[in-house]
Every structure is written in structure tokens, then in C-alpha cells.
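Take a look at the structure set out below.
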Amino acid sequence: MRRFLPTKRFPWPWLRRDATPNETSPLLPKAGSTKNNAEELALVTTDFQAGTNSGQEHNSPTDARIHPCYGYSFMDYFLKYFLIMCNLLFTVLGLLILALGVWGLISKESFAQEKISSIGTDPMLVVLSVGFLLTALCLSGCVGALRENRCLLKLFSATVLVLIAAQVIVAIVAHTLQDQIEGNLRSGMLVAMARYQDDLDLRFITDEIQSNLQCCGVDNYRDWEINIYYNCSAPGVLACGVPATCCVDPLENGTVWNSQCGVGAQLLDEFTAQSVIFLGGCLGEIFRWIEHHEGLIGIIVTVVFGVQILILFITIRLLERINRHKWTACCKYVKHMCKSHTCKVSYRCFE
């Protein structure tokens, strides 16, 4: 109440300040200052003093408790909560991927002392990283939209824009270097076959490809000779054989898994071997599967790419509306406080 009561102070000599500008004063106006700025400052000062000395508590324009009110439209609410829901769904998806990666590392005992040195090459580490990045990105977008935090929304939109650009670049490179990609894929599959018995992750991936695509080896079933255990010069039982996932019927009597069904398959001719194992290689089956499901893959890629562009567009529109509302509120507040007809002095409060 005290600050609203009209008070008058005696101008004691020692309380006076020298307002004369000099060369060392940090508030020295520039030589190019215009007359309009001086008039505007005088208008603001006069109105401020008039409101302070008026003695009206409730109608005083200097009451700091009065804040401007502005309403959101239906589109503002729709953009905000739609962005929140999308990011919330992708956050849950990221958490599931993150949990899958942690479960895979724990189930394989990758943190054991004898395996910790090779954890950098573990495929589950890639799953863990993707889940963490997706969770962090979508959570920042969700919190930014919920709290209308412009810094988080700008960070989210910039990251989504970088991801979209990276996907476009990868698609262009993949279309341009198809032959080189095929050669690299063949080399990778041969390495996986050579390390089939030593790496559980490569063994799992190879078995899934061979059993689902009904294939064996890279180009044909004789490619398994590259493995030291399935090589014909190997001393073990697996010599000149192939894994059980190459077999046409790996289940004995339809119930029990027969892990020895591919033993000696490399010694058979193609006519005899075709009734026991799959003769075709997996590399050709992969490309045939892609060609057969080209429409479905195109739809999925288009939907994912479209969702990213839609989220980016909504984020940018939400940022524009937040900025416009803050600017309008600041202008109203300064006009109310200063009784001015311009918003030039409100730029600082907007920042």
C-alpha cells in the first residue's frame, strides 16, 4: 500500500545528482539521436509520474499486478496438444527400444568381465543408442510444447530437420551406389558366415535370414565352406555340412529340432541336395523380397517421412504463434503501463 500513496520528498542538496552528460558517462546519448525518441521518453515519464501521483490504487496504470490477457484460438490448442501427443507416443516407443537394448545386453551377459572389451561391436548397443536418442528427442519436443518453451522447441525442430536431411541424403546415395552396396552386403554376409559359430549375434541374424527367406549361404549352399567348422577339411562332425536353418525340414517328426540335418550336405549334388536343404543364396532372395514388397516399403517410408515433415511444420507454426502471443501481450502491457501508442519500447520485454 505504501508505494501507491502519494509521497513528496524534500529535495535535499546531497541527494541531488548531476544529470549533465559528460564524455565519461556510460549513458551519454549518441550524436544521431532523434527528436522523436526524446518526445517518446518524455511522454512515458510524464504518464508514469501522473499515474503514480494520482492516488488511485485500483485504476493506476503503474500497478505491477495488472498483466495483459490474451486468448488462444482452437488452432493454437490443436497444434499444441497434437504435437504433445505425437511426441508422447514416440517417447514411449523410444523407451521400449531402450528397454529392448538393455535387456539384450543383460541377457547376453555383455557386461561380464570377459566380454566387456568387445561391447563396442555389440549390435544391441546400436539398439540402445537409437532408443536413448529417440526418447531424448521426443521428450524434449513434448516438454517444449507443454511448457511452451521456445528453446526446447527450436532444438527439437532443428534436430528433426537434420534427420530429414540425413534421410534424403542416404536415399540419394543408396540409389546412386546400388552396385557398391550390393558388393558391401555380400562381403558382410560372408564375414557373418565365417564368424557364425563365434558370434551369437551374427549367428542369430544369419539364422533368421536363412529360415525366413528359405535360403542357404550368400550365392549358394557351398558358400559355407568359408567357415572353419563347416569346411570339408575340418576334423569335427560339422565338416562339409550346413547349419540346420538351411534344411527344408529341420524338425524331426515335426516336433524335435534336428541340428544335424545339414551334415554332409556340401558333398551332395544339387539334384539330391534340393530335397534336403535350400539351394538358393540369401543375397538374391533379399533383393527379390525387396522387389516383391516394394509397394509396402514405399508406403511405410512415405508415411514415416510425412510424419516427420508434419511434426516439423507443426513445431514451426507453434513457435510462430507463441512468439506472436508473447509479442502481443508485451505490447498490450507496455501500452497499458505507459499509455503510449507505439510498441517500440516493448522490444526489450519481448526478449
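Name the residues whose placed amide hydrogens come within less than 5 Å of the amide hydrogen of Val263, ignoring near sequence neighbours (fewer than 5 apart) on the same chain.
Excluding prolines and chain starts, which carry no amide H, the hits are Val242.
What number comes out for the charge environment of Ile314, summing +1 per Lys or Arg and -1 per Asp or Glu over other residues with Cβ under 12 Å away?
Cβ neighbours under 12 Å give a net charge of +1.
I'd like the accessible area for Ser107, computed on protein heavy atoms only with a 1.4 Å probe and all protein chains in place. Round to 10 Å², please.
Accessible area, nearest 10 Å²: 70 Å².
Between Arg317 and Val304, what is 0.36 nm times their sequence separation minus the Cα-Cα distance? Round to one decimal in nm.
So the chain would gain 2.7 nm between Arg317 and Val304.
At what distance in nm do the modelled label points of Asp76 and Asp249 sit from each other, each positioned 7 Å from its Cα along Cα→Cβ?
7.2 nm
Report, in debye and to the nearest 20, how large the dipole of the stretch 203-288 comes out about its Cα centre when Lys and Arg carry +1 and Asp and Glu carry -1 on their Cβ.
Magnitude of the dipole: close to 100 debye.
How large are Rg and Dmax for the stretch 123-268 when calculated on the C-alpha trace, in angstrom?
Cα radius of gyration and Dmax of the stretch 123-268 are 22.5, 69 Å respectively.
Could you check the spin-label model distance between Ala165 and Leu88? Points 7 Å from the Cα along Cα→Cβ, value in nm.
Modelled inter-label distance: 3.2 nm.
How much length, in nm to one decimal, is gained on full extension between Ser233 and Ala158, taken as 0.36 nm per residue of separation minus their Cα-Cα distance?
Net length gain for the segment: 21.3 nm.
Output wanted: per-residue J couplings in Hz (rounded whole) for the stretch 310-319, from phi through Karplus 6.51 cos²θ - 1.76 cosθ + 1.60, θ = phi - 60°, x for Gly and Pro.
5, 5, 5, 4, 5, 4, 5, 5, 5, 4
When the chain is fully extended, how far beyond the present Cα-Cα distance does His292 get from Ser259, taking 0.36 nm per residue of separation?
8.8 nm
Quick one: plug the Kirkwood hydrodynamic radius of the stretch 194-316 (C-alpha pairs) into Stokes-Einstein at 20 °C, 1.002 mPa s, and report D in µm²/s.
For these conditions, the coefficient is 131 µm²/s.
Which far-off residues, 5 or more places away or on another chain, put their amide H under 5 Å from the one on Ile277, with H placed in the peptide plane?
Val248
The values are calculated or read from the model by the stated rules, or taken from the named source; none is laboratory data. Note that the structure is a prediction, hence the values are computed from the model and not measured. Every residue, glycine as well, gets a Cβ built from its backbone with ideal geometry; the counts of neighbours run over all protein chains shown. The accessibility values were calculated without ligands, DNA or RNA, using every heavy atom of the protein model including side chains. Shrake-Rupley method; radii C 1.70, N 1.55, O 1.52, S 1.80 Å.
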